[in-house]
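What follows is one structure encoded as structure tokens, with my remarks underneath.
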Amino acid sequence: MRKKLILRKWPLIEIYRCKYRKYKGGSLDVHPTEKALVVQYEVEATILGEMGDPMLGERKECQKIIRLKSLNSNTDIASLARKVVEECRLISPSRLPEVEQLLFYLQNRKKSAEKKEKKQIKPRDLTPFEGMELDEEANINSIDDYIELLYEDIPEKIRGATLILHLARNPDNLEELLQNETALGALARVLREDWKQSVDLATTIIYVFFCFSSFSQFHGLITHYKIGVLCMSIIEHELKRYDLWQDELLKKKKADILSKEYEKALKKYHGLLTKQEQLLRVALYLLLNLSEDTRTELKMRNKNIVHLLVKTLDRDSEELLVLVVSFLKKLSIFLENKNDMAEIDTVEKLVKLVPCEHEDLLNVTLRLLLNLSFDTGLRSKMVQADLLPKLTSLLGDEAQRQIAMCILYHISMDDRFKSMFAYTDCIPQVMKMLFDCGEERIDAELISFCINLAANKRNAQIMCEGNGLKMLMKRALKLKDPLMMKMIRNISQHDGPSKNLFIDYVGDLAAQIGLKEEEEFVIECLGTLSNLTIPDLDWELVLKEYNLVPYLKDHLKPGSAEDDLILEVVIMIGTVSMDDSCAVMLAKSGIIPALIELLNAQQEDDEFVCQIVYVFYQMVFHQATRDVIIKETQAPAYLIDLMHDKNAEIRKVCDNTLDIIAEYDVEWGKKIQSEKFRWHNSQWLEMVENRQMDEAEPFMYGDDGEPFLQNGDILERPDLFYSSDGIIPVDGAISPEFFTDFQNGDLLGPHGFPSSSLTDGYGQTGVTPVRPATAYGFRPDEPFYYGYTTSR
């Protein structure tokens, strides 16, 4: 009989062969999460032949987990270790001390494990609530009995719904429940008819449908029974009830009643509040799941879901708030929903939640604020609600640092708020973060934020305190970091003590220009040097020592490099041209014709035109370069053409440059005067030239009947010129030589420019122009980008 069994079980192995197993103990360690020991061992199986000699062998590594459910803080470790060794043959008795040590570790690890178990509730982790307990186990085969209970009184309905809920919480039962239209129809009917009578009943039935909503393939079922619409109505009703409870409790508190009665009312209120928040949580979770479909989400918006959610932010329940803020964050990515949030006090309520001890709530709140911070108006509300110092304090929290940094970055985009950072400890913190990076790549959010902060004068001064500028320069030059150099460039644009600190680094910056570095890095170095309008700086020495003139001239050729680099070269020439000897050196090198050629090539680019004209403005101050510009080039003619450019900044620089040219060259002065007159009186001249003369207008004729003016005589009549107060009177109170005197400098201020208290005779205020504003920091048509947004 035994032979037959063996033959049937092992038909391919001869009956005289047998197996021999050998167990070999291995490593011993603790389980990473559970209270258990993990034993690693090896099994060696050998098939023996007829004579007992091995025929075939195989080895396999295995693992055994010894769970220690009885282990607690009062357990006798020595006794438990002996018991483990006795019962597990895989552990040698000689390893008893090792087992004791591991058990001791598990016993002490218990506290930290418990802390991990107290994990914050995620938005979609809906936990069981009070009232779900049952004294019997739900069975899918008894579903008809549970349905019958839904036709009884409220207590039986609650019991029947709870039993069905216990079935629905097991995903394996959902398909079968889906086929039972009677059960689902009865649940929907009871919810529709009786939700106002019992909060527990409404919560339980909505929870059943919530279990279905966790799977997108069942969303059609929930829509069919209109559970989403019903949940919206329930939420709105419960929020109104909450307001009534608040008012009633406040009245009782103010009334002259015994404190015991108020405490009784308060206790009842807290009980009602707990049940209501359970209902709100499960209803909002269901709606959150349904909102995965954007069409359904749009229907919710039309029913004012945003206002309902924002109103719920007044609650204290952290689990409910995590859900509400998560829902708002999901909605906020659509413009219409964001606008709805902007109309009500959403930001003010969210700011109250920052900071908070609930880590998940804090994180999701910051993420929602980040979404809203893309809106300029909402950023302003955040600052008004004192969010700035709160976010600054979160920079020390590694878990929230990046999101807080992104919001701060958005706030720093607005020039109105840049100065506010100087009154927090934000700048010292971000500077420490920069220096802590060492030679590693700096996060885009951090360096972009610093670039924006450096655009403010007070912030820049704080950055330079101590060895701040020295450390920044050292890192930027060592790593050739263009973003760090952009930050330094922003610091360099501010007049005052911080700019003077750059004298020590002019040589280091100039040395980078001749080298074959990355173009972005060279652009920032050039921009930084261009900002150094320091009187004590010997630019001639810098140009000679680092042989920069050939580089500057070569990079003025159209197409010789990217436009950004060529533009920075022009700006650099404008800065060094303030020095008389530098201007002469540049003029001799042939840079002026190169600038005119570049002006022709880039005449459609306002930024290029403005900066090239500014170079001419600087050069006409100096005798040597002035003569070259006036006598050897057609630069004045170009300037006359640009005098009426649509760009106000270009017109301003052109006018002031032409004023100086007119002062030193009579011929060009007449041309400039004639063109200014022609332009400012063009409409009137056109009327005079084209209007038909008739006897109905005698004031247009002289006593001899001849026309009052001939076309060729127009410039011979000084009484038609504009003065600072309008047309110069005919009585000769101001002489016809007024403009000649003006050009000769009799009414000019320092450096041959009109005094700031006078106009230039053509309705424009005469002021000494500084570098055009667009030359500082960033070009207006090319904002600085990082990641997902822009900044200037």
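Descriptive notes on the structure:
- Where a residue in the range 651-669 is not assigned by the TED database to the domain that holds Arg626 and its partner, wherever it lies, is modelled with pLDDT of 90 or more and not acidic (Asp, Glu), with Cβ under 9 Å and at least six apart: none
- Filtered by the rule that a residue be free of Cβ contacts under 8 Å to residues at least 40 places away in the same chain and within 20 Å of Glu675 (Cα to Cα), the range 603-644 gives Ile629, Ile630, Lys631, Gln634, Pro636, Ala637, Leu639, Ile640, Asp641, Leu642, Met643, His644.
- Residue, nearest to Tyr546 (Cα to Cα), within the range 515-526, restricted to residues that are part of a helix (DSSP H, G or I) and open to solvent by 60 Å² or more (accessible area, probe 1.4 Å): Glu519
- Any hit, the range 599-612, residues being open to solvent by 50 Å² or more (accessible area, probe 1.4 Å), touching a Pro at 6+ places or on another chain (Cβ under 8 Å), closer than 18 Å to Pro558 by Cβ and at pLDDT 90 or above: yes
- Subset of the range 212-244 that is open to solvent by 70 Å² or more (accessible area, probe 1.4 Å) and assigned to a helix (DSSP H, G or I) - its residue that is farthest from Thr274 (Cα to Cα): Gln217
- Yes/no for Leu595 being part of a helix (DSSP H, G or I) and either farther than 21 Å from Ile640 by Cβ or acidic (Asp, Glu) (or both): no
- Filter result for the condition that a residue is under 18 Å from Glu137 (Cβ atoms), surrounded by fewer than 16 Cβ atoms within 10 Å (Cβ to Cβ) and without any contact (Cβ under 8 Å) to a residue 60 or more places away in the chain, over Glu193, Glu176: Glu176
- Residues located in the range 541-558, provided they are surrounded by 16 or more Cβ atoms within 10 Å (Cβ to Cβ) and either under 21 Å from Leu595 (Cα atoms) or touching an Asp or Glu at 6+ places or on another chain (Cβ under 8 Å) (or both): Leu543, Leu548, Val549, Tyr551, Leu552, Lys553, His555, Leu556
Yes/no per residue for (1) over 25 Å from Glu319 (Cα atoms); (2) modelled with pLDDT of 95 or more; (3) surrounded by fewer than 21 Cβ atoms within 10 Å (Cβ to Cβ):
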| residue | (1), (2), (3) |
| --- | --- |
| Leu368 | no, yes, no |
| Val383 | yes, yes, yes |
| Arg401 | no, no, yes |
| Ala444 | yes, no, yes |
| Ala454 | yes, yes, no |
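- Number of the exception - Asp360 against (1) farther than 18 Å from Gln400 by Cβ; (2) modelled with pLDDT under 95; (3) not hydroxyl-bearing (Ser, Thr, Tyr): (1)
- Members of the range 38-77 that are at pLDDT 80 or above, surrounded by 13 or more Cβ atoms within 10 Å (Cβ to Cβ) and in a loop (DSSP other than H, G, I, E, B): Leu68, Leu71, Thr75
- Taken together, the criteria place Asp641 among residues that are open to solvent by 20 Å² or more (accessible area, probe 1.4 Å), more than 43 Å from the chain's Cα centre (by Cα) and closer than 30 Å to Asn681 by Cβ.
- Near pairs, Cβ below 8 angstrom, 6+ apart or cross-chain, from the range 589-602 (touching a residue at least 12 places away in the same chain (Cβ under 8 Å) and assigned by the TED database to the domain that holds Leu543) to any residue that is in a loop (DSSP other than H, G, I, E, B) and crowded, with 19+ Cβ neighbours inside 10 Å: Ile591/Leu556; Ala594/Leu556; Leu595/Leu556; Glu597/Leu556; Leu598/Leu556
- Residue in the range 469-483 that is closer than 19 Å to Met413 by Cα, within 30 Å of the chain's Cα centre (by Cα) and surrounded by 16 or more Cβ atoms within 10 Å (Cβ to Cβ) present: yes
- The set of residues in the range 407-429 that are surrounded by fewer than 22 Cβ atoms within 10 Å (Cβ to Cβ) and in a helix (DSSP H, G or I) comprises Asp415, Arg416, Phe417, Lys418, Ser419, Met420, Ala422, Tyr423, Pro428, Gln429.
- Residue in the range 527-536 that is of a type in the set (A, V, I, L, M, F, W, C), open to solvent by 20 Å² or more (accessible area, probe 1.4 Å) and either at pLDDT below 95 or on the phi < 0 side of the Ramachandran plot (or both) present: no
- Met487 meets all of the listed conditions (1) in contact (Cβ under 8 Å) with a residue 24 or more places away in the chain; (2) more than 18 Å from Leu395 (Cα to Cα); (3) over 19 Å from the mean Cα position of the chain (by Cα) but one, namely (3).
- Remark: Glu540 matches the filter, which requires a residue to be in contact (Cβ under 8 Å) with a residue 40 or more places away in the chain and assigned to a helix (DSSP H, G or I).
The values are calculated or read from the model by the stated rules, or taken from the named source; none is laboratory data. None of the values given here were measured: they were computed from a predicted structure. Virtual Cβ from ideal backbone geometry, glycine too; neighbours counted across all protein chains shown. Ligands, DNA and RNA are stripped out before the accessible areas are found, and what is left, the full protein with its side chains, is counted by its heavy atoms. Shrake-Rupley method; radii C 1.70, N 1.55, O 1.52, S 1.80 Å.
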